[in-house]
1. List pairs: first in the stretch 19-44 and farther than 23 Å from P71 by Cβ and in the same structural domain as V75 (by TED's automatic domain parsing), second crowded, with 20+ Cβ neighbours inside 10 Å and at pLDDT 90 or above, Cβ under 8 Å, 6+ apart or cross-chain?
2. Go through the stretch 152-182 and report how many residues are of a type in the set (D, E, K, R), surrounded by 13 or more Cβ atoms within 10 Å (Cβ to Cβ) and without any contact (Cβ under 8 Å) to a residue 12 or more places away in the chain.
3. What's the total number of residues in the stretch 124-175 that are hydroxyl-bearing (S, T, Y) and over 17 Å from the mean Cα position of the chain (by Cα)?
4. Would you call S57 surrounded by fewer than 20 Cβ atoms within 10 Å (Cβ to Cβ), touching a residue at least 40 places away in the same chain (Cβ under 8 Å) and under 27 Å from G23 (Cα atoms)?
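The values are calculated or read from the model by the stated rules, or taken from the named source; none is laboratory data. Every value quoted in this text rests on a predicted model; they were computed, and no experiment measured them. Quick reminder, even Gly has a Cβ in these numbers, built from the backbone with ideal geometry, and neighbours come from all protein chains shown.
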Amino acid sequence: MRAASLSVTGPLGRGVERTDGIGSDIVLLCVPDSEIAAAARVVRPGPLVGHTSGATSLDALAPHEAFSLHPLLSVAKEGTQFRGAGCAIAGSTERAAQTAAALADALGMQSFTVAEADRPLYHAAASMASNYLVALEAAAERLAALAGVSRQHLAPLVRSAVEQWAAVGAHEALTGPVARGDTGTVARQRAAVSARAGDLLPLWDALTDATRAVAQARPVAAR
């Protein structure tokens, strides 16, 4: 957010009193979804007002001329590089949409649009691909630690699996005992999880079932 009243250009940072946006051409709200509407109400009419939520509609920014910019990227620390990432954009007017596209382009992102009705579904996909993946890797890290293996040794495996999925899709990238139909190995794995980390068993069973479904849906040539 650029706030002329504070004589600064760039993010205001957390804990800073909200600005009314006077003197700015664009106000970009990077706040939790539940705070978007309240933050937008503080901004006086004039500048274009945008948010970075993937799930929230532009209605939350009313009555401003509005846009949204949602990078498909995990941003957990300063210095994140946006170049090459996808970015969902939207605008309440042609000017607002063009502004969103220009901001995405300036950061080197590849912009695309999502139908308003599909925003929750799109965001669910994004959450599953990133947040849920991290939660899954936390479970894998825990099991590995019980066997005396560190997270660093799992990381190349995770990267290679994701890179294969990105390159050829789930059907061709799937490997492992479930994909091979090695039921004995799968049973021994399940018994070990049950004995050492029983609370993870529901997650293990759900993922085994989901993996089996992917394997069974593969074209014969990919099996």
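1. If the second residue must be crowded, with 20+ Cβ neighbours inside 10 Å and at pLDDT 90 or above, the pairs left are D20/V43.
2. Narrowing the stretch 152-182 to residues of a type in the set (D, E, K, R): 159, 163, 172, 180, 182.
Then keep just the ones that are surrounded by 13 or more Cβ atoms within 10 Å (Cβ to Cβ); that gives 172, 180, 182.
The next check asks that each one be without any contact (Cβ under 8 Å) to a residue 12 or more places away in the chain; those that pass are 180, 182.
So the answer is 2.
3. Let us first name the residues in the stretch 124-175 that are hydroxyl-bearing (S, T, Y), namely 127, 130, 132, 150, 160, 175.
From what is left, the residues that are over 17 Å from the mean Cα position of the chain (by Cα) are 150, 160, 175.
Number of matching residues: 3.
4. Working: surrounded by fewer than 20 Cβ atoms within 10 Å (Cβ to Cβ): yes; touching a residue at least 40 places away in the same chain (Cβ under 8 Å): yes; under 27 Å from G23 (Cα atoms): yes.
Yes, satisfied.
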